[in-house]
Amino acid sequence: KVAAGLRVERGQDDASGALVGSESTPLVTTLGSLEAKRLAASPAWARVLTAELARAGVREDSVVAASFSGSFPGLNLAVASAAQALGARLVAVTSVTASTWGATDPGFTWPELEVRLVRAGVLARPVAVAISVGGAGDRGADLEPEARDLARRIAEECARALRAKMLEPTSFEEAVRLRLAVFDERRGR
């Protein structure tokens, strides 16, 4: 983020601060709490989630389904790290847009961060199996037209890079049905 000229928010440490995005960008859909974003970026969540998933019976070759938003990239990373540490297969449906202070910066939305993490070897393999624009109706209905186009381009590029399905629902109800269908499809693999 520093190399891209973006401000890195002060968190508990530099790494967690890097998971806090800008307050306002074209990809922001709703208000969020800076304090909540800082707390969610703590690396301690990975340890807690690993223990909780293990306590719930998740083990090697388990399948864990998650729905990720760009609003809490630190928690997304913690879930992915916990599943990876347990040898479980995480299948996530994720969206591009975020609330304030989330993964709001173009180039550093959650799907783009996942691409970077996979390429850097932090994540052993992609976890996103489907990507949507997010926001109102899970299709960016609350964004300006240019921002909606930007979010759609990011979703399409990341879907290609992660070999994920692109979801383009026409309503919130369809978005829920599409996500559940993706989870059902992946559960058997």
From the residues in the stretch 163-173 that are out of contact with any helix residue (DSSP H, G or I) (no Cβ under 6 Å at 6 or more places or on another chain) and at pLDDT 95 or above, which one is surrounded by the fewest Cβ atoms within 10 Å (Cβ to Cβ)?
-> 163
Where residue 58 falls short, out of the listed (1) open to solvent by 30 Å² or more (accessible area, probe 1.4 Å); (2) at pLDDT 95 or above; (3) in contact with a helix residue (DSSP H, G or I) (Cβ under 7 Å, 6 or more places away or on another chain); (4) part of a loop (DSSP other than H, G, I, E, B) = (1)
Residues of the stretch 134-162 being over 12 Å from residue 110 (Cβ atoms), modelled with pLDDT of 95 or more and surrounded by 23 or more Cβ atoms within 10 Å (Cβ to Cβ), which ones?
-> none
Per-region count, the stretch 82-128, residues crowded, with 24+ Cβ neighbours inside 10 Å, more than 11 Å from residue 21 (Cβ to Cβ), within 13 Å of the chain's Cα centre (by Cα) and not polar (S, T, N, Q) = 8
Please enumerate the residues belonging to the stretch 88-146 that are touching a residue at least 12 places away in the same chain (Cβ under 8 Å), closer than 21 Å to residue 50 by Cβ and part of a loop (DSSP other than H, G, I, E, B).
-> 88, 123, 124, 126, 127
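The values are calculated or read from the model by the stated rules, or taken from the named source; none is laboratory data. Model, not experiment: these values are computed from the prediction. Here Cβ is always computed from backbone atoms with ideal geometry, including for glycine, and neighbour counts include all displayed protein chains. What goes into the accessible areas is simple: the full protein's heavy atoms, side chains included, and nothing from ligands, DNA or RNA. Shrake-Rupley method; radii C 1.70, N 1.55, O 1.52, S 1.80 Å.
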